[in-house]
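Can you read through this structure? Questions will come right after.
Bear in mind that the values in this text are calculations on the coordinates, not laboratory data. This one's a predicted model, so the numbers in the text were calculated from it and none came from an experiment. Here the Cβ positions follow ideal geometry from the backbone for every residue, glycine too, while neighbour counts run over all protein chains shown.
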Amino acid sequence: MKDSYCVFEDTLPITSQLSSKRLAFPGTKMRFSWYEVGVKKDWFGGRISSTITLYEITKTNVLTAEPQHQTFSVQTGEQRSRGVRGCHR
């Protein structure tokens, strides 16, 4: 049996990371988006399963130590991860 799927998530994470840091300027909360598309295939009556997935994870307003004052944090903009993941069981 073949299955295909798609996942999308756009969320604000728990704000404890913001409350434990001193921002060098008033900022906004970190946000992340996650997209994933994949296909799953069962082989030999379900005894073996294969999955291949394409994904993209984007984080915005990421906190980083301020270069001149290490006790402060600044928001650096956007970080993105893209890739292909495969699994065989």
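What spacing in nm lies between the two simple spin-label points modelled at Y35 and T11, each 7 Å away from Cα in the Cβ direction?
In this crude label model, Y35 to T11 measures out at 1.9 nm.
Here's something else I'd like to know. When only C-alpha pairs under 8 Å and at least 6 residues apart count, what is the relative contact order of the range 24-89, in percent? Working shown, then result.
On the way: 124 pairs, mean separation 22.7, N = 66.
Value for the range 24-89: 34 percent.
In addition: Using a cut-off of 12 Å between alpha-carbon atoms, which aspartates and glutamates can reach K40, once sequence neighbours fewer than 8 places away in the same chain are excluded?
Straight-line reach from K40, under 12 Å: D3.
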